[in-house]
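In what follows, a structure is listed as structure tokens, so that the remarks can point back to it.
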Amino acid sequence: MIDELDLVRLVSDHAALDQLCARIETLADRLPDRPTPQEAEALCDALRIGFGRQVARDERMLARLFAAELPQPLCHTLLDHIATRHTACLLQAEDIIVALQPNPDASLCSEAFGFMLRCFFQACRQAMAIEEMAVLTLGGQRLTPAARALLVDRIAISCAQ
């Protein structure tokens, strides 16, 4: 069985990532004004450390929850797709970190930087939605009512944004 305690960390991590995406969206909306050095450093830390750790935790959790179902084509396909999306988001995060470094000779124009930021937060939000729906689908009858309610509530919050 999968109970709500198995999913609390995922839901909490996704809520935190939603906040990071909102920060990045605000940054994109403020362009051409660039972030202060302090804002840039905090954002780089959140992307490098926090986001990287979250992706690793999510992948370990999914592997643990669905190890027995992995030979099934749907499970294998969904978990591979999630891993691919995670990799893409991590690469986009690295690009943002590079773009936020103080290097006046190599700064991006506002339009390119804004596009980069928007691609990242949209991709992250899509990856979270797919991950949550995959847990709901693959968990099936193994989800306790409380776990299902937690996941459905999280999906509803995501869809409302």
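Worth pointing out:
For (1) touching a helix residue (DSSP H, G or I) at 6+ places or on another chain (Cβ under 6 Å); (2) at pLDDT below 95, each residue gets a yes or a no:
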{"residue": "50", "(1), (2)": "no, yes"}
{"residue": "64", "(1), (2)": "no, yes"}
{"residue": "67", "(1), (2)": "no, yes"}
{"residue": "75", "(1), (2)": "yes, yes"}
{"residue": "86", "(1), (2)": "yes, no"}
{"residue": "91", "(1), (2)": "no, no"}
{"residue": "98", "(1), (2)": "no, yes"}
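- Selection status of residue 43, touching a helix residue (DSSP H, G or I) at 6+ places or on another chain (Cβ under 8 Å) and free of Cβ contacts under 8 Å to residues at least 60 places away in the same chain: yes
- Segment 1-30 residues that are over 30 Å from residue 68 (Cα atoms), paired with ones that are outside any loop (DSSP other than H, G, I, E, B) and open to solvent by 60 Å² or more (accessible area, probe 1.4 Å) (beta carbon under 7 Å, 6 or more apart): 21/125; 28/118
- Verdict on residue 40 being among the small types (Gly, Ala, Ser), out of contact with any strand residue (DSSP E or B) (no Cβ under 7 Å at 6 or more places or on another chain), surrounded by 18 or more Cβ atoms within 10 Å (Cβ to Cβ) and part of a helix (DSSP H, G or I): yes
- Within segment 23-37, tally of residues that are out of contact with any helix residue (DSSP H, G or I) (no Cβ under 8 Å at 6 or more places or on another chain) and assigned to a helix (DSSP H, G or I): 4
The values are calculated or read from the model by the stated rules, or taken from the named source; none is laboratory data. Model, not experiment: these values are computed from the prediction. Positions of Cβ are generated from backbone atoms using ideal geometry, with glycine treated the same way; all protein chains shown enter the neighbour counts. Accessible surface is based on the protein model in full, side chains and every heavy atom, while ligands, DNA and RNA are left aside. Shrake-Rupley method; radii C 1.70, N 1.55, O 1.52, S 1.80 Å.
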